[in-house]
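Working notes, structure below.
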């Protein structure tokens, strides 16, 4: 068995970094380049400073990435002007899959023809020197949003560009995004990312890591998402990361959102402290509905407003916002800026001084907490010489099972559905080690729903598409 | 009586997995034995799986529109493997762009598919058709 440990920090990292940085697109960057650059970056570009400055209201962060430098520069300006507290840099999918040559070719074509042939900003192709120019004069943190199983070079370029928040993780950026990239390799590659974030940090201005809790955003039971978030916080802490955000996606049930936030916040803290990582600062991020959006803009706006109220009720440190064009594709910069403005409006008029709770929320939270502890305790008991090996084994055994993951290492045995209040219930746990009592309560709560469809798959379809 | 065997999967570099998983559950619930190739498959993967499992039917899905590119010689491949009577169904969003449903259906029938469900998300229709085609002896078990 292998619990998280301070001794797990990657050794021999200097030589390893030189290998990664020998790539031509690293443009001769030295391992000290990022650390040097951050000396000239204003403190407000670090998430810990932005979070410390927020006053009761969650910070806002849109999503957005265009292939051309000028378009990204304009988007950055527009989002900042609209009041976004965090500025996104969303990376294109070729770069996410390490196909830098294709990304570079399509960037060239986009530049020549003035059209977008990439669905995001090809950060590695643009390189760190140009990307620094995107953020000249900016006094807000930039967040790298991607979905990359092997983000070693990408993270090096991001840090050298002055980007102080890196989203992702070996699990959360692999299981929902990849069908075959081996999970054990992803866990090791993300150790590298975590380690270089730690090495680029100073005591007062740490590089910030954030995990992606929505996962497949398709009927993921909160206990599964929370277990993964805590594991990724622990894996990052092992590498010396001291500023970390856990996150989750709107579940579709207000009760379950309130309960999930409570358990995610408290258990992340508890497990970090238990494993000796008391010094890690943790934050809670809420993603507005990540499933299928209604195509009608009025309904989309209503969904976004409702999600903003929940972000306020759970006292999220940050809310990641959607736009009214979510169902239609990548939004224009103006629509994206409008979304930030709308969400800030709702957060202002629906301020919430403390986290809201109720007996129903407490009951849900107790159930989720018990399930998360069962899962994590079972993972800690699995054999392995290092914690990451126990984590890898947990997926092979189906102890952690993410519904609707395309990944070959995911068990796909857990089945979940919604109960009467829309909360996601575990109908069939597969190999996930929840206790018999908890499994019984899950089923009892599911029985509260009277209008269940005759066939499982019809129920699943309507549960998945509940917001449409 | 043994269950009828169906090979399902998503074709091309498409990793849209939600419909694929739902389809597996729907077919299993309707009494079929399902062999799920999941995402990112080439035509030969369907053919090899059908041979290996002695399948009655193959369900090909495409959501990102790559279907047209990959499916053009689909039936020929199965004929060459000796799987001449096998039922071939295709569904999802099988072509890129907005094209008339009738045109898309006739295109995929030329490719040798028995049934085409372009932008018809109700899986129960295909399951009903499969029951009917099997009753009519469209394939030799």
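The values are calculated or read from the model by the stated rules, or taken from the named source; none is laboratory data. Since this is a predicted model, take the numbers as computed values, not measurements. Cβ atoms come from the backbone with ideal geometry, glycine included; neighbour counts cover every protein chain shown.
Tell me, yes or no, whether the stretch B:85-93 has at least one residue that is away from every other protein chain (no Cβ under 12 Å), at pLDDT below 95 and part of a helix (DSSP H, G or I). No: the stretch B:85-93 contains no residue that is away from every other protein chain (no Cβ under 12 Å), at pLDDT below 95 and part of a helix (DSSP H, G or I).
Listed residues A:311, A:301; which is assigned to a helix (DSSP H, G or I), modelled with pLDDT of 95 or more, away from chain B (no Cβ under 14 Å) and under 25 Å from residue A:359 (Cα atoms)? Being assigned to a helix (DSSP H, G or I), modelled with pLDDT of 95 or more, away from chain B (no Cβ under 14 Å) and under 25 Å from residue A:359 (Cα atoms) holds for just one of A:311, A:301, which is A:311. Taken over the stretch A:292-302, the residue count meeting the criterion of being within 21 Å of the chain's Cα centre (by Cα) and surrounded by fewer than 20 Cβ atoms within 10 Å (Cβ to Cβ) is 1. The residues of the stretch A:405-415 that are crowded, with 23+ Cβ neighbours inside 10 Å and over 15 Å from residue A:171 (Cβ atoms) amount to a single one, A:414. For the stretch A:372-420, the set of residues classified as in contact with a helix residue (DSSP H, G or I) (Cβ under 7 Å, 6 or more places away or on another chain), more than 14 Å from every other protein chain (Cβ to nearest Cβ) and at positive phi consists of A:384 only.
Restricting B:20, B:36 to those that are in contact (Cβ under 8 Å) with a residue 24 or more places away in the chain, touching a helix residue (DSSP H, G or I) at 6+ places or on another chain (Cβ under 6 Å) and within 14 Å of chain A (Cβ to nearest Cβ) reduces the list to B:36. Restricting the search to helices (runs of 4 or more DSSP H) fully inside the stretch A:100-187 and requiring at least 2 residues that are closer than 29 Å to residue A:400 by Cα gives A:152-160. Just one of (1) within 14 Å of chain A (Cβ to nearest Cβ); (2) in contact with a strand residue (DSSP E or B) (Cβ under 6 Å, 6 or more places away or on another chain); (3) under 27 Å from residue A:176 (Cα atoms) fails for residue B:42. It is (2).
Entry remark, the stretch B:101-121: residues being part of a loop (DSSP other than H, G, I, E, B) and at pLDDT below 95 number 3 in total. Only residues that are outside any helix (DSSP H, G or I), surrounded by fewer than 24 Cβ atoms within 10 Å (Cβ to Cβ) and in contact with a strand residue (DSSP E or B) (Cβ under 8 Å, 6 or more places away or on another chain) were counted across the stretch A:66-84, and they come to 1.
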